[in-house]
Structure formats: structure tokens, C-alpha cells
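The values are calculated or read from the model by the stated rules, or taken from the named source; none is laboratory data. Just so it is clear, the structure is predicted and the values come from calculations on it, not from any experiment. Positions of Cβ are backbone-derived with ideal geometry, glycine not excepted, and every protein chain shown enters the neighbour counts. Just so you know, the surface numbers come from the protein's heavy atoms only, side chains and all, with ligands and any DNA or RNA stripped out. Shrake-Rupley method; radii C 1.70, N 1.55, O 1.52, S 1.80 Å.
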Amino acid sequence: IALGRLGGGALTHASDLDIVYLFTGDIMTESDGRRPLGSTTYFNRLAQRVSAALSVPTASGPLYEIDTRLRPSGAQGLLAGSTASFEQYQRESAWTWEHMALTRARTIFGSAAARAEVDTIIAATLGRERDPAALVADVAKMRGDIAKHKPPKGLFDVKLIGGGLVDTEFTVHLLQLRHRVGFDPRLRTAMRMLADQGLIDPEIIPAHELMTRMLVTLRLVSPTSTEPPAASQPLVARTCGQPDWDALVKAYERARALVSAEWKRVSTGA
């Protein structure tokens, strides 16, 4: 299962791959090789090999950075788990933030039957009824924890700054789980579905697109999230569809104000 930007089909040059490995069938089954292995051992070893292949060292660094921490029980859990244990974990033990992560989930490899099984588990998990007040409290606390432990590096840290990309995503995911609609791993599509239901300001879509373009471009010309060098500013503005740097800064301020207002409205239970 792909999650995060991989799940949403929105990788940037700096993205890692958020992956969860699952296997189907009876966990008591053994392989039929010369030295039989139980299915859990077999598929965990296979998952390790897949991750190693995806992160193979190259002259420019690892092919991809692989992040498997979104699997059930996090870093303490098995690298590959059965679909049955995944379903039980999501139903009985998963935290709210884990269900938020599932809103970007997309099965990317496996048999048609296995993918259908996992898609059904994900749909049932996301579509279940929740206590609205508890949900809002959980999500608001998570955003507060991020702000405390991972503050923005500067004014142009468009991901972590107030009214930035994280606030956009939290707004969308909270609305999805609260109203049980708008589920699509592609964030733009999810926002359009929510806007069509009258649950979110449709202007959040171009605001998110602007800040996403800024994120990608600024990571190239200003990795420290500070104002880019004057020589690079026209490039950033042009990439973001603005005539000049001053116009981009004003558009950025408007986008942040809109997202901040939507996040405040949604996170206060309005």
C-alpha cells in the first residue's frame, strides 16, 4: 500500500516512499522450498528485499528513501503483516492519525483479489461512524504537537507554517473522517469532492496548488526555507504562475489566510 505523497500520486524530487506491506492467506502456511518458512517470516524477508532494492545506493545517493513507519504498530510492528491482522488493527487499535494517513492510501501492487480485499478494509475503516467532538480534539492535538516539535524553519517553509500545506491536509482529512465523504488519495480530487458537498471553500484548491509549486521550487533554490536569492526570485514567481516576486508573496499571504480560516473553522468543530 502506498501512503503519503506516493499514495496521492504527488511525489516531489525530495519525497520518500511511504509503504505498508501486507500479505494474504493463512499465517500458518509454510513455503514449499528446501527449507520451508512460515508465511510471516517468508513475507517479512521478501519485504526487506523489496525495500533494499528500492533504496539501493547510487552515485547520487539512495534510489529512494523508504519509510515503513506507517505500518500497524509503527517501527515496533512487523514489516509485513497479514491482511487479517491489518483489518483487526485498524478496527480495534489504530490511532486517529493512522486513519488520517489511510485517507491517502492506494494499493499499488498485488493480485486483483488481494488489492480488492485491502481496498475493502480501507473503505470500511474510513467510512465508520466517529464521535465528532473526540475526532476534532484528536486532530487539533496532533496539529499542535507538530507545531511544537517541528516548528517552521522560516517564512517560506510552506509545509509547516501556519496556513501552509500541513494545515491544508489536516483540514481535508478532518472533514473526510468527520463526514465520511470525499475519499480519494489524490488531495486535489478530495478537495473538489468536499467543495461539491459544500464542506470546504473551493478556493482552497488553487491555494494548495500555489503552495505546492512553491514547496517544490523553493526546495531547489532555498533549501533552508528562507527568502530565495534575488536572482532566483523571478524563476520561483514564474513557476508559480505569478508575474513577479512581490505578486507571489501577496498571493502566498492570501493563500495562507484562506487556509488558516478554513482550518480554524473546521478544527473548532464549526
Handout entry: Residue list for the range 255-270, restricted to those being open to solvent by 50 Å² or more (accessible area, probe 1.4 Å) and either outside any helix (DSSP H, G or I) or over 18 Å from Pro152 (Cβ atoms) (or both)
Key = Ala261, Arg265, Thr268, Ala270
Exercise for the section: Determine whether the range 141-151 contains at least one residue that is farther than 23 Å from Leu215 by Cα and either open to solvent by 40 Å² or more (accessible area, probe 1.4 Å) or not acidic (Asp, Glu) (or both). Expected result: yes
Practice task
Can you work out which of the residues in the range 80-112 that are of a type in the set (Asp, Glu) and more than 22 Å from Gly38 (Cβ to Cβ) is most open to solvent (accessible area, probe 1.4 Å)?
Solution key: Glu92
Handout entry: helices (runs of 4 or more DSSP H) fully within the range 1-95 counting 1 or more residues that are more than 24 Å from the chain's Cα centre (by Cα)
Key = 39-54
Problem - Pairs with Cβ under 7 Å, 6+ apart, first in the range 136-159 and without any contact (Cβ under 8 Å) to a residue 24 or more places away in the chain, second open to solvent by less than 60 Å² (accessible area, probe 1.4 Å) and of a type in the set (Val, Ile, Thr) - result: Ile146/Val166
Practice task
Being farther than 12 Å from Leu135 by Cα and open to solvent by 30 Å² or more (accessible area, probe 1.4 Å) is the filter; apply it to the range 157-179 and report the residue that is nearest to the chain's Cα centre (by Cα).
Solution key: Glu169
Problem - Any hit, the range 205-215, residues being touching a Leu at 6+ places or on another chain (Cβ under 6 Å), modelled with pLDDT of 95 or more and within 21 Å of Leu11 (Cα to Cα) - result: yes
Exercise for the section: Mind listing just one residue for me: the one in the range 125-168 that is assigned to a loop (DSSP other than H, G, I, E, B) and among the aliphatic types (A, V, I, L, M) and, of those, farthest from Phe183 (Cα to Cα)? Expected result: Leu155
Handout entry: Of residues in the range 1-32 being more than 15 Å from Glu169 (Cβ to Cβ) and out of contact with any helix residue (DSSP H, G or I) (no Cβ under 9 Å at 6 or more places or on another chain), the one surrounded by the most Cβ atoms within 10 Å (Cβ to Cβ)
Key = Ala2
Problem - Every residue from the range 104-120 that is more than 9 Å from Gly7 (Cα to Cα) and assigned to a loop (DSSP other than H, G, I, E, B) - result: Phe109, Gly110, Ser111
Problem - Conditions (1) free of Cβ contacts under 8 Å to residues at least 24 places away in the same chain; (2) in a helix (DSSP H, G or I); (3) not acidic (Asp, Glu): number failed by Thr171 - result: (1)
Exercise for the section: May I ask you to list the residues in the range 71-106 that are of a type in the set (Val, Ile, Thr) and within 15 Å of Ala47 (Cβ to Cβ)? Expected result: Thr83
Completion exercise
Of those in the range 70-79 that are of a type outside the set (D, E, K, R) and within 14 Å of Leu22 (Cβ to Cβ), the residue most open to solvent (accessible area, probe 1.4 Å) is Leu78
Practice task
Output the number of the condition that Ser225 fails; it satisfies all remaining conditions of (1) at pLDDT below 95; (2) open to solvent by 30 Å² or more (accessible area, probe 1.4 Å); (3) not basic (Lys, Arg); (4) not in a helix (DSSP H, G or I).
Solution key: (2)
Fill in the blank from the handout: Sole miss for Leu235 among (1) surrounded by fewer than 19 Cβ atoms within 10 Å (Cβ to Cβ); (2) at pLDDT 95 or above; (3) assigned to a loop (DSSP other than H, G, I, E, B) is condition (3)
